[in-house]
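The values are calculated or read from the model by the stated rules, or taken from the named source; none is laboratory data. Remember, it's a predicted structure, so these values are computed and weren't measured experimentally. Virtual Cβ from ideal backbone geometry, glycine too; neighbours counted across all protein chains shown.
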Amino acid sequence: MRGGPGFWPLFASGDIREAQSAAELAAKAMEAVKIMGGDTLLIVPGQWDAGASYDTTFQSALDTAKRVADAATKSGIKVGLENVENKFLLSPRDWTSLLDAVGSSMVRMYFDVGNTVYLGRAGRNSGFRELGKKYITRIHFKDAIIAARFAICSKAGQLAGGGIGDEEIGYEDWVGLELNLPAHHPAAMLAGNCRAVRDILK
């Protein structure tokens, strides 16, 4: 389950009230995940805004992530912080620094393959291998077309053809598809995407 768009402006806010609101929102979302029988909540870890200090944004996000980690430990629901186009956490080093500082196995990264294409970081630049299963708790694709583009772009980086599967980082958990269903023939569209993803992951 994804924790909604409210996390973008709140999670890394320097306003303690907004940051606390993000932590409380996360705790409520974890309750919903638990009720539905899930085990992982996706959250966007804030954003960097023009004119703000990157270091300050990082520290604010870290403080909130530690609060979220406490809630995750209490609830038993894992949290995956997603790589998105938020001008924040721009490299694998940024990600590992943040997650190491949080220091909880309950808070790791939700690796969005499609977003690495949007951000121009497919293939060797994606950070997939550096982050590995130590830091990645879940993976998802935007849709089969974007996922296929990622696989094509990744061949030079030796990430495709058995790349996103267990041969590279030992990841053996779910890979989700984040996509909008069409108004007509949704079952056919889902079946086609499923075949494409299985082909990419083989």
statement: Within the stretch 31-55, residues within 15 Å of LYS74 (Cα to Cα), in contact (Cβ under 8 Å) with a residue 24 or more places away in the chain and over 17 Å from the mean Cα position of the chain (by Cα) come out as GLU31, ALA32, LYS34
Single unsatisfied condition, PHE11 versus (1) under 12 Å from ALA65 (Cα atoms); (2) in contact with a Leu (Cβ under 7 Å, 6 or more places away or on another chain); (3) of a type in the set (A, V, I, L, M, F, W, C): (2)
message: Would you confirm whether or not the stretch 28-39 contains a residue that is under 16 Å from ARG138 (Cβ atoms), surrounded by 14 or more Cβ atoms within 10 Å (Cβ to Cβ), in contact with a Gly (Cβ under 6 Å, 6 or more places away or on another chain) and modelled with pLDDT of 95 or more?
response: yes
- prompt: within 26 Å of GLY38 (Cα to Cα), charged (D, E, K, R), assigned to a helix (DSSP H, G or I) and modelled with pLDDT under 85 - does that describe any residue in the stretch 172-191?
  reply: no
query: If only one of LYS28, LYS87, LYS66 is free of Cβ contacts under 8 Å to residues at least 24 places away in the same chain and of a type outside the set (A, V, I, L, M), which one is it?
result: LYS28
field: Those residues of the stretch 57-78 which are out of contact with any Asp or Glu (no Cβ under 8 Å at 6 or more places or on another chain), hydroxyl-bearing (Ser, Thr, Tyr) and more than 13 Å from LEU98 (Cα to Cα), in sequence order
entry: THR73
Any hit, the stretch 72-91, residues being farther than 18 Å from GLU178 by Cβ, surrounded by fewer than 17 Cβ atoms within 10 Å (Cβ to Cβ) and either of a type in the set (Val, Ile, Thr) or touching a strand residue (DSSP E or B) at 6+ places or on another chain (Cβ under 9 Å) (or both): yes
- request: With the checklist (1) surrounded by fewer than 20 Cβ atoms within 10 Å (Cβ to Cβ); (2) farther than 16 Å from ARG108 by Cβ; (3) hydrophobic (A, V, I, L, M, F, W, C) in hand, flag the one item ALA22 doesn't pass.
  value: (1)
- line: Going through the stretch 1-12 in order, the residues found to be modelled with pLDDT under 95, among the small types (Gly, Ala, Ser) and surrounded by 19 or more Cβ atoms within 10 Å (Cβ to Cβ) are GLY3
- line: Per the filter on the stretch 66-123, residues of a type in the set (Lys, Arg) and under 28 Å from GLY51 (Cβ atoms) are LYS66, ARG67, LYS87, ARG93, ARG121
task: Starting from the stretch 94-105, take each residue that is at pLDDT 95 or above and part of a helix (DSSP H, G or I) and list its partners that are among the basic types (Lys, Arg) and surrounded by fewer than 21 Cβ atoms within 10 Å (Cβ to Cβ), counting only C-beta distances under 7 angstrom and pairs at least six apart or across chains.
output: VAL102/LYS66
